[in-house]
Amino acid sequence: SLAPSCRFMCSSEDRVWFGGLWDPRVIQASRTIIPGEPLQCATSNAFKVLLPDACTGLAYQDGTTVGFCKRSIYLVTGDGPNNQGQGLWSSPRALTKNLGCINYLSILETSEGILFQSERGIYLIPRGFGAPVFVGAGVQETVKAYPTCLGAAVHSGASILAIIGLT
C-alpha cells in the first residue's frame, strides 16, 4: 500500500513513522525499508500504535519512537511486525503526563536529545529518556513574542537550537 495521508513523520533505522492521521491518536509505521525499493506500508493494525491522546509530533532516538501529545509524551519500543505482520510494538509508555509538544515543526533530534516546544517553552528530552529539561531560558522572550515555530535546526558545529521563522 501507499503511505497514509499524514501531517508529519519521522524515520527510524529501518522504518518511517506517520502521525497526524485521520484518527489523531494513531501513529503508523511502514514496513521494513528495503534498500533500492520504494517505501511500502500496510493497512494492518499490526503496524499501528494507539496513543491515549491526539499525537502532535513524532521523533526517533536510541531505538525508541517518541509520540508527542499536547500535554504528554509516550515512548514506543520493540522491533514491531515483520513485513508479514507478525510481531508487536510495546504498548505506549508515558514519559510524562504533564508536558507535551504543541508544534511538530519545533521537534529537533540532536546529539544531546530531542528538543521540542511546549506550552511552557523549549524543552529537551535527554538521551536515555530522563525527565524533560527546560532549556529555553535564552529564547523565552522571543518565543512569547513570536509563539509559532516554523522550523528548527542545529547550527553546524554547535549544540544550540535555532528557532527559524517565529511568527
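Give me a comma-separated list of calculated 3J(HN,Hα) values for region 72-88, in order, Karplus coefficients 6.51, -1.76, 1.60 applied at θ = phi - 60°, integers in Hz, x for any Gly or Pro.
Result, ordered by residue: 7, 9, 10, 10, 10, 10, x, 7, x, x, 6, 5, 9, x, 9, x, 9 Hz.
With r as the distance between the Cβ atoms of Ser44 and Val154 and R0 = 41 Å, compute the FRET efficiency 1/(1 + (r/R0)^6) and round to 0.05.
The formula returns an efficiency of 0.70 here.
Apply 1/(1 + (r/R0)^6) to the Cβ-Cβ distance of Ser11 and Arg120, taking R0 = 25 Å, and write down the FRET efficiency to the nearest 0.05.
That pair, Ser11 with Arg120, gives E of 0.35.
Please go through region 1-39 and write out the trypsin sites (Lys or Arg not before Pro) that DSSP classes as loop and that have at most 14 other C-beta atoms within 10 Å.
Arg7
Can you compute 3J(HN,Hα) from phi for each residue in region 10-15, using the Karplus curve 6.51 cos²θ - 1.76 cosθ + 1.60 with θ = phi - 60°, rounded to whole Hz and x for Gly and Pro?
Here the 3J(HN,Hα) series is 8, 10, 10, 5, 9, 8 Hz.
Can you give the FRET efficiency to the nearest 0.05 for Thr77 and Trp22, using r as the Cβ-Cβ distance and R₀ = 22 Å?
0.30
Please report Rg (one decimal) and Dmax (integer) in Å for the Cα set of the chain.
Gyration radius and largest Cα-Cα distance of the chain: 16.0, 50 Å.
Compute the accessible area per residue over region 1-88, keeping the other protein chains in place, probe 1.4 Å, unit Å². Don't skip to the answer; put the middle values down first.
Numbers: 4390 Å² over 88 residues.
On a per-residue basis, 50 Å².
So if a site counts as exposed when it's one of the GluC sites (Glu not before Pro), its DSSP state isn't H, G, I, E or B, and it has at most 11 other Cβ atoms within 10 Å, what's the longest stretch of the chain without one?
14-118
Between Gly36, Gly138, Gly130, find the one with the highest GNM mean-square fluctuation for the chain; connect C-alpha pairs within less than 10 Å.
In this elastic network of the chain, the residue with the biggest mean-square fluctuation among Gly36, Gly138, Gly130 is Gly36.
Calculate one ³J(HN,Hα) per residue across region 95-103 by plugging θ = phi - 60° into the Karplus curve 6.51 cos²θ - 1.76 cosθ + 1.60, and present them in order as whole Hz with x for glycine and proline.
7, 7, 10, 10, 7, x, 9, 9, 8
For region 3-57, what log10 I(q)/I(0) values come out of the Debye formula at q = 0.18, 0.26 1/Å, with one point per alpha carbon and no solvent?
Taken in order of the listed q values, log10 I(q)/I(0) reads -0.54, -1.05.
The values are calculated or read from the model by the stated rules, or taken from the named source; none is laboratory data. Because the structure is a prediction, the values reported are computed rather than measured. Don't worry about glycine lacking a Cβ; one is built from the backbone with ideal geometry, like all the others, and counts go over all protein chains shown. These accessible areas exclude ligands, DNA and RNA; they are computed on the full protein's heavy atoms, side chains included. Shrake-Rupley method; radii C 1.70, N 1.55, O 1.52, S 1.80 Å.
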